[in-house]
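To start, the structure itself, in structure tokens.
The values are calculated or read from the model by the stated rules, or taken from the named source; none is laboratory data. None of these values were measured; they are calculated from a predicted model. Don't worry about glycine lacking a Cβ; one is built from the backbone with ideal geometry, like all the others, and counts go over all protein chains shown.
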Amino acid sequence: MSSKSAIRRQSAVFLVYMHQLPRWVPLIVLPALLIAGLAVPGVGGAIALVLLALVIWFMFLASPARSASHRLIRYLVPLALIAVAVAKVLG
């Protein structure tokens, strides 16, 4: 059993939950987390950005990787959000 399949299996509950939500919920929640993460100073904004990174990561796991650049973006977007969150906490 590979670690990739184990990660997908463990995140399946969250992905099924996300799939059952109305289509407008992610369209409201994801930008709201981004705006809150960038606007709220300190730890509160960092928490919002980390939550956004986790949701994006799970969404990326749900979709198949099409090319090497697509796989690169899958890793860079959540890492960039976490880096901004760490920068907010530290400074």
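Evaluate the following for VAL86: is it touching a residue at least 40 places away in the same chain (Cβ under 8 Å) and either of a type in the set (A, V, I, L, M, F, W, C) or within 26 Å of ARG9 (Cβ to Cβ) (or both)? Yes, satisfied. Looking across the stretch 46-66, just one residue is modelled with pLDDT under 90, within 14 Å of VAL86 (Cα to Cα) and small (Gly, Ala, Ser), and that is ALA53. Taking the criterion of being free of Cβ contacts under 8 Å to residues at least 12 places away in the same chain and either among the β-branched types (Val, Ile, Thr) or assigned to a helix (DSSP H, G or I) (or both), the residues of the stretch 39-63 that qualify are ALA39, VAL40, GLY44.
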